[in-house]
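Q: Quick one: structure below, then a few questions.
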Amino acid sequence: MRILFYVPGESDGGWRAALAAALPQAEVRAWQPGDDAPADYAVVWHPPAAMFAGRTGLKGVFSLGAGVDGMLDLFDLLPPDLPLVRTEDAGMGTLMAEYALHAVTRHFRRFDELEVSRAAARWAPLRARERKDFAVGVMGLGVLGSRITDAFLHFGFPVRGWSRAAKALPGVDCHAGPDGLPAFLDGLSALVCVLPLTSETRGILCRATLSQLAQGAYLVNVARGGHLVEPDLLALLAEGQLSGATLDVFSEEPLPASHPFWGEPRITITPHCAAHTPRDAAVSQIAGKILALEQGMSVSGVVDRQNGY
Ligand code: NAP
Ligand code: GLV
């Protein structure tokens, strides 16, 4: 079995070594420009189109991340029946849940304000916000979103969720589709976005939607930069409709030094690290799925190319 591997900037060969150890019967080859030798599977993150142009004989392509928006342009180069498989959880759910919980509870418990007092050596206790009045909404109730709703439920917050198709998650006030969006957004105190980036979800965090949250609401975006209309966030902060945001993803990454977000103290910025793919768990998941495909079995996590996720 021949596996083509591509991750931009992977210098230590650690992923390839882990894959080779998990599938000792496989030859794992780092793809280089010009390599059009046969391969059975490809394991990739942000691959260049040249890796797939004119290539036949692949039995599966595995994305080392949960989101496949970076691969959408490649879909047209690949046969329609070739499974494109994304990484499902593999430890990312825990990372996402703790990131979202940290960002929202930091705001809920007013730690950002307490840090200002501490910097001024001022002893200034603050009144706690009312948990029962602090509804948290999670956009995207898939593998990662459902882990995030669990975390907020565990801490006793009222939790709402929004997905494409109707869902029933215990304890979560679930809404679905464009018709369910206004009731989902209405008066939320915090909104966490963990949607895939598709033609339907691009720009969904904009003035029209964010204005439906409670005055002074808090935004967390761990999905993709393309979900947020960045000038709208700055305007809504200036107007007081939003009181702050924690952003892990941006329309341009790395976020350019000249970007106005760097100068806005109410925006916490992290460099797309909310949930790095944990190597061992991801490799073991992919190896298991390759063996299943070899035996003619179906696997989960196959991207629906029509829906784009
Ligand atoms: P997933 O399991 O495919 O879940 C996606 C969820 O979004 C599903 O609930 C889906 O609804 C919902 N959705 C999709 N399109 C929608 C629409 N038009 N309207 C309403 N809901 C819609 O994906 P996942 O594994 O949870 O990952 C989600 C995203 O997280 C990834 O695509 C990626 O962009 C992001 N991510 C970021 C990082 C980071 O470090 N920042 C790390 C990993 C992932 P249905 O349930 O009805 O299908
Ligand atoms: C990271 O952003 C991923 O989609 O896994």
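Q: Give the residue from A20, A121, V43 lying farthest towards the positive end of the charge dipole for region 1-135; charges sit on Cβ (+1 for Lys and Arg, -1 for Asp and Glu) and the dipole is referred to the Cα centre.
A: The residue sitting most towards the positive pole is A121.
Q: Suppose every Lys and Arg Cβ carries +1 and every Asp and Glu Cβ carries -1, with no other charges. What dipole size does region 93-269 come out with about its Cα centre, to the nearest 20 debye? Can you show the working numbers first?
A: Details: 17 positive and 18 negative charges, 101 e Å.
Charge dipole of region 93-269: 480 debye, to the nearest 20.
Q: Put a dot 7 Å past each Cα toward the Cβ at A238 and A165; how far apart are the dots in nm?
A: Result: 4.3 nm between the two label points.
Q: Would you please give the FRET efficiency between T94 and S300, computed as 1/(1 + (r/R0)^6) with r the Cβ-Cβ distance and R0 = 25 Å, to the nearest 0.05?
A: Values: r = 19 Å, r/R0 = 0.76.
Computed FRET efficiency for T94 and S300: 0.85.
Q: Taking 0.36 nm per residue of separation and subtracting the Cα-Cα distance, what length does fully extending R131 through S199 add? If you can, show how the numbers build up before the last one.
A: Numbers: separation 68, 0.36 × 68 = 24.48 nm, distance 3.50 nm.
That works out to 21.0 nm of additional length.
Q: By how many nm would the segment from T56 to S284 grow when fully extended, if each residue of separation counts as 0.36 nm and the alpha-carbon distance is taken off? Numbers along the way, then the final one.
A: Numbers: separation 228, 0.36 × 228 = 82.08 nm, distance 2.57 nm.
That works out to 79.5 nm of additional length.
Q: Averaged per residue, what accessible area in Å² does the chain show with a 1.4 Å probe, protein chains only? Intermediate results must be reported in sequence, preceding the final value.
A: Numbers: 14690 Å² over 309 residues.
Heavy-atom SASA per residue in the chain reads 48 Å².
Q: Shifting gears a bit: Mean separation of Cα pairs under 8 Å and 6+ residues apart, divided by the residue count of region 228-295: what relative contact order is that in percent? Walk me through the numbers before you get to the answer.
A: On the way: 35 pairs, mean separation 19.6, N = 68.
That works out to 29 percent.
Q: Next up: Could you sort W262, W123, W31, W45 by their accessible area in this structure, using a 1.4 Å probe and putting the largest first? Kindly include the intermediate steps, with their values, before the conclusion.
A: Numbers: W262 135, W123 235, W31 20, W45 65 Å².
The residues order as W123, W262, W45, W31, largest area first.
Q: Scan region 1-104 for GluC sites (Glu not before Pro) in coil per DSSP, keeping those whose Cβ has at most 16 other Cβ atoms within 10 Å, and list them by number.
A: E10
Q: Would you kindly calculate the mean projected area, averaged across all directions, of the convex hull enclosing the Cα atoms of region 93-269, in square nanometres?
A: Values: hull surface 41.6 nm².
Average of the hull's projected areas for region 93-269 equals 10.4 nm².
Q: Report ³J(HN,Hα) in whole Hz for each residue of region 290-307, in order, from the Karplus equation J = 6.51 cos²θ - 1.76 cosθ + 1.60 where θ = phi - 60°; Gly and Pro get x.
A: Per-residue couplings from phi come out as 4, 5, 5, 4, 4, 8, x, 8, 8, 10, 8, x, 6, 6, 7, 5, 5, 7 Hz.
Q: With a cut-off of at most 12 other beta carbons within 10 Å, and DSSP calling the residue loop, which trypsin sites (Lys or Arg not before Pro) in region 245-304 qualify? Please list them. Walk me through the numbers on the way to the answer.
A: Details: sites: R266, R279, K289; in loops: R266.
Taking region 245-304 and a limit of 12 other Cβ atoms within 10 Å, no loop trypsin sites (Lys or Arg not before Pro) are found.
Q: Using the Karplus curve 6.51 cos²θ - 1.76 cosθ + 1.60 with θ = phi - 60°, work out ³J(HN,Hα) for each residue of region 116-123 in order, rounded to whole Hz, and write x for Gly and Pro.
A: 5, 4, 4, 4, 9, 6, 10, 8
Q: Okay, next question. For T268, enumerate residues with amide H under 5 Å from its amide H, sequence gap 5+ or separate chain, H modeled in the peptide plane.
A: A245, T246, L247
Q: With θ set to phi - 60° and the Karplus curve 6.51 cos²θ - 1.76 cosθ + 1.60, what are the ³J(HN,Hα) couplings of region 207-216 in order, to the nearest whole Hz, using x for Gly and Pro?
A: Karplus values, whole Hz, x for Gly and Pro: 3, 4, 7, 5, 6, 8, 6, 4, 4, x.
Q: Run the simple label-point estimate for A124 and E253 please: 7 Å along Cα→C-beta, distance reported in nm.
A: Reported label-point gap for A124 and E253 is 3.5 nm.
Q: Test of understanding: what is the full-extension gain from R110 to A37, defined as 0.36 nm times their sequence separation minus their Cα-Cα distance? Kindly include the intermediate steps, with their values, before the conclusion.
A: Details: separation 73, 0.36 × 73 = 26.28 nm, distance 5.72 nm.
In short, 20.6 nm is gained.
Q: Along the charge dipole of region 93-269, pointing to its positive end and built from +1/-1 on Cβ of Lys, Arg, Asp and Glu, which listed residue (L205, S146, T105) has its Cα farthest out?
A: Farthest towards the positive end: T105.
Q: Next up: Please give the solvent-accessible surface of E130 in Å², to the nearest 10, using a probe radius of 1.4 Å with every protein chain present.
A: Counting only protein heavy atoms, E130 exposes about 110 Å² to solvent.
Q: Ignoring everything except DSSP H segments at least 4 long, calculate the 222 nm mean residue ellipticity for the chain; use -39,500 (n - 2.57) per segment, divide by total residues, nearest 500.
A: Working: 8 runs with 86 residues, N = 309.
Result for the chain, helices only: -8500 deg cm²/dmol.
The values are calculated or read from the model by the stated rules, or taken from the named source; none is laboratory data. This structure is a prediction, so every number in the text was calculated from the model and none was measured. Neighbour counts run over all protein chains shown; Cβ positions are idealised from the backbone, glycine included. Just the protein is used for accessible areas: all its heavy atoms, side chains included, with ligands, DNA and RNA removed. Shrake-Rupley method; radii C 1.70, N 1.55, O 1.52, S 1.80 Å.
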